[in-house]
Amino acid sequence: MDRLTAMQVFRAVVEEGSFAGGARQLGLSNGMVSKQISRLEVELGVRLLMRTTRSLQLTAEGEHYLAGACRVLNDLQALEDSLGERQGEVRGRLKMSAPMDFSIQCLM
């Protein structure tokens, strides 16, 4: 299981307050979201959400995991954003060629 994807799914479910809302936010099926959360709980060995037919509630472990998952996902997004910003920077050596008269009058 891809742990980052599972974290994103978990965060979306909590933000939306439902599996269906989380699925809609991420463009996934309800079944896929449910499966991701169940697998995550099995791998972690704890229950993250208390489910009823009408609501979801975070367990104490779920609150703790959500805080850490949000930190990780936000840090990852910040890292990716900083790389994108760096791609816009001009770096390296610039070579130009121009006629001698232009070089003397404008480039010096």
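Readers should treat all values here as calculations from the given coordinates under stated rules, not as data from a laboratory. These numbers were taken from a predicted model, which means no experiment stands behind them. Methodologically, a virtual Cβ is constructed for each residue, glycine included, from the backbone with ideal geometry; neighbour enumeration extends over all protein chains shown.
Applied to segment 61-71, the Karplus parametrisation 6.51 cos²θ - 1.76 cosθ + 1.60 on θ = phi - 60° returns per-residue 3J(HN,Hα) values of 5, x, 5, 5, 5, 4, 4, x, 5, 4, 4 Hz, with x for Gly and Pro. As a rough footprinting exposure proxy, the listed residues GLU61, GLU41 were ranked by other beta carbons within 10 Å of their own, and the order from fewest upward is GLU61, GLU41. The listed peptides 7-16, 31-40, 93-102, ordered by packing as a protection proxy, come out as 7-16, 31-40, 93-102 (highest mean of other Cβ atoms within 10 Å first). For the pair SER29 and LYS95 in one chain, pulling the backbone fully straight at 0.36 nm per residue adds 18.5 nm over the alpha carbon distance. With the largest listed first and rounded to whole Å, the semi-axes of the equivalent ellipsoid of segment 3-73 from the Cα gyration tensor are 16, 14, 12.
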